[in-house]
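Undergrad: Following this message is one structure expressed as structure tokens.
The values are calculated or read from the model by the stated rules, or taken from the named source; none is laboratory data. Given the structure is predicted, the values throughout are model-derived calculations rather than measurements. Here Cβ is always computed from backbone atoms with ideal geometry, including for glycine, and neighbour counts include all displayed protein chains. Side chains are part of the model used for accessible areas, which takes the heavy atoms of the whole protein and leaves out ligands, DNA and RNA. Shrake-Rupley method; radii C 1.70, N 1.55, O 1.52, S 1.80 Å.
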Amino acid sequence: MMVPENDKSNLTGSFAGLRVLDFSTTIAGPHCARMLADLGAEVIKIESAEGETMRIRPPLRNGCSTTFGQLNVGKKSLVLDLKSEAGVEAVRRLVGSADVLVENFRPGVMKRLKLDFETLARLNARLVYCSISGYGQSGPSSELSAYAPVIHAASGYEMAHLAHQSGRTRPDNCGIYHADVLSGVYAFGAIGAALYQREKTGCGQHIDVSMLEAMLSLTLNEVQWSQFETKPYQRAVFGPIQTSDGYVMIAVASEKTFQGLVRAIGRAEWVDDPRFAQYVERRQNWAALMDGVEAWSRGVTTAECLAALASEGVPSAAYRTVKQALQDPQLAHRGALAEVEDGGGSFKVLNQPFRMSSAKVAAGRKMATLGEHTRTLLKDIGLSEDQVAAFSGETVAGQG
């Protein structure tokens, strides 16, 4: 049953009532746990007294990182020393009331801390325990250090991308960390599946997410091509066409869009041109086709180019910076950005890219300060005032 538009303010998140222990750092794990928080889960981020490294990543305002905030808004902050017996004991107590645990340490770290799945499952059989690592929890590569750029290279993704760059022999530099975000999303999906299974069985389980395998999922065609001896595949490669003031991407992937394209650029006769008339020939002569399109596009502005293509139903978009993209009225219509607060003021973060008709999906309004919830959470697990003061030290003990 769809919820009327005027009732949506009363919706709760799909994961309301769920408690998540977030031991993760940097991007993949925090992104996963932030998604759980946006769907209503109580996410407790566990950090050392120094805080994780992303807390000092720019942009910084009054010592507060908006990059860190993008990944961790809406979570509670608990400071624990996991190398101490007291810190481990606090985690063990928290696990009794937890539904999910997310960690992305190198395989073996949580076991050395006696916080591995097998140990904690004995305390809480319903615990869904998600581990994210570069290569997986076992195997010959499992203990290798791994960050997103390394995984991009190891997965074959960068070389697959390079194969579509005519005349290029050196792989691109890596500046955007696909593997981290993608692995976080896969972890989020797997956690949802495990929670659904728990409803039937009453038991939790261990989830083992491999960043390497996540990246391979971006090369589905190449995975198939690599298995067989085939002649080089002449595939249409979509690239920019230049206008008088910028660049435009067009995607001509059907007969209908091809016919719309040639009408838009005033070359309707190409429908019968033997180089382009049939898909196979068109694919073999793709460079010539695009050269012809660009001969037209260079004489018009980006706005004129897009208007002509849109009039014929040809999928197209201008190349924009992220700053330009964020100003798109479509994103404002969708409520794609949420304004949140931290110790440095207000800033905007991305909401999740999906909406639900009967559940709330929204970023938290406030970014917790380091250790903000330590005192409350320690008291909740049964520590006395004296124990909290002795355990957490003067800094946290002085908080209200």
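Undergrad: If the limit is 28 Å between Cα atoms, which of LYS111/LYS348; LYS323/LYS366; LYS75/LYS114 go over it?
TA: Working: LYS111/LYS348 38 Å; LYS323/LYS366 23 Å; LYS75/LYS114 24 Å.
Check vs 28 Å cut-off fails for LYS111/LYS348.
Undergrad: Compute the length gained on full extension between GLN387 and LYS114: take 0.36 nm times their separation in residues and subtract their Cα-Cα distance, giving the result in nm to one decimal. Don't skip to the end; give the middle numbers.
TA: On the way: separation 273, 0.36 × 273 = 98.28 nm, distance 2.23 nm.
Gain in length upon complete extension: 96.1 nm.
Undergrad: Report the extension gain between ASP380 and PHE238 in nm, rounded to one decimal, defined as 0.36 nm multiplied by the number of residues separating them, less their alpha carbon distance. Don't skip to the end; give the middle numbers.
TA: Details: separation 142, 0.36 × 142 = 51.12 nm, distance 5.63 nm.
Length difference between fully extended and current span is 45.5 nm.
Undergrad: From the backbone phi of segment 297-309, what are the Karplus-calculated ³J(HN,Hα) couplings (6.51 cos²θ - 1.76 cosθ + 1.60, θ = phi - 60°) in whole Hz, Gly and Pro given as x?
TA: Along segment 297-309, the couplings run 5, 5, x, 10, 6, 4, 4, 5, 4, 5, 5, 5, 5 Hz.
Undergrad: R0 = 35 Å: FRET efficiency of ARG61 with THR301, Cβ-based, nearest 0.05? If you can, show how the numbers build up before the last one.
TA: On the way: r = 38 Å, r/R0 = 1.08.
Approximately 0.40, to the nearest 0.05.
Undergrad: Also, I was wondering about something else. Identify, among LEU212, PRO58, LEU39, the residue whose Cα sits farthest towards the positive end of the charge dipole of the chain, taking +1 on the Cβ of Lys and Arg and -1 on the Cβ of Asp and Glu, with the dipole about the Cα centre.
TA: Working it through, the farthest residue towards the positive pole turns out to be LEU39.
Undergrad: How much accessible area per residue does segment 22-120 have, in Å², with a 1.4 Å probe?
TA: Values: 3810 Å² over 99 residues.
Ligands and nucleic acids excluded, the figure is 39 Å² per residue.
Undergrad: At 1.4 Å probe size, with the rest of the protein present, what percent of the exposed accessible area of the chain is carbon and sulfur atoms? Write out the running numbers ahead of the final one.
TA: Working: 11680 of 21650 Å².
Here it works out to 54 percent.
Undergrad: Need the full-extension length gain, GLN227 to ALA359, defined as separation in residues times 0.36 nm minus the C-alpha distance. One decimal, nm.
TA: Between GLN227 and ALA359, full extension yields an extra 43.2 nm.
Undergrad: Something else now. Considering only protein heavy atoms, what per residue accessible area in square angstrom results for segment 128-249 with a 1.4 angstrom probe?
TA: The answer is 59 Å² per residue.
Undergrad: Beyond 16 Å, what percent of the Cα pairs of segment 305-400 remain? All intermediate terms of the calculation are to be shown ahead of the outcome.
TA: Details: 3332 of 4560 pairs.
The proportion of pairs with Cα distances above 16 Å equals 73 percent.
Undergrad: Only helical DSSP H runs with n ≥ 4 go in: add -39500 (n - 2.57) per run for the chain, normalise by residue count and round the 222 nm mean residue ellipticity to 500 deg cm²/dmol. Mind showing how you got there, number by number?
TA: On the way: 18 runs with 155 residues, N = 400.
Calculated at 222 nm, the ellipticity per residue is -10500 deg cm²/dmol.
Undergrad: How would you rank 384-390, 370-376, highest first, on the average number of other Cβ atoms within 10 Å across their residues?
TA: Highest to lowest by the protection proxy: 370-376, 384-390.
Undergrad: Here is a follow-up. Among the aspartates and glutamates, which fall within straight-line cross-link reach of LYS200, defined as a Cα-Cα distance under 19 Å, with same-chain neighbours fewer than 8 residues apart omitted?
TA: Partners within reach: ASP99.
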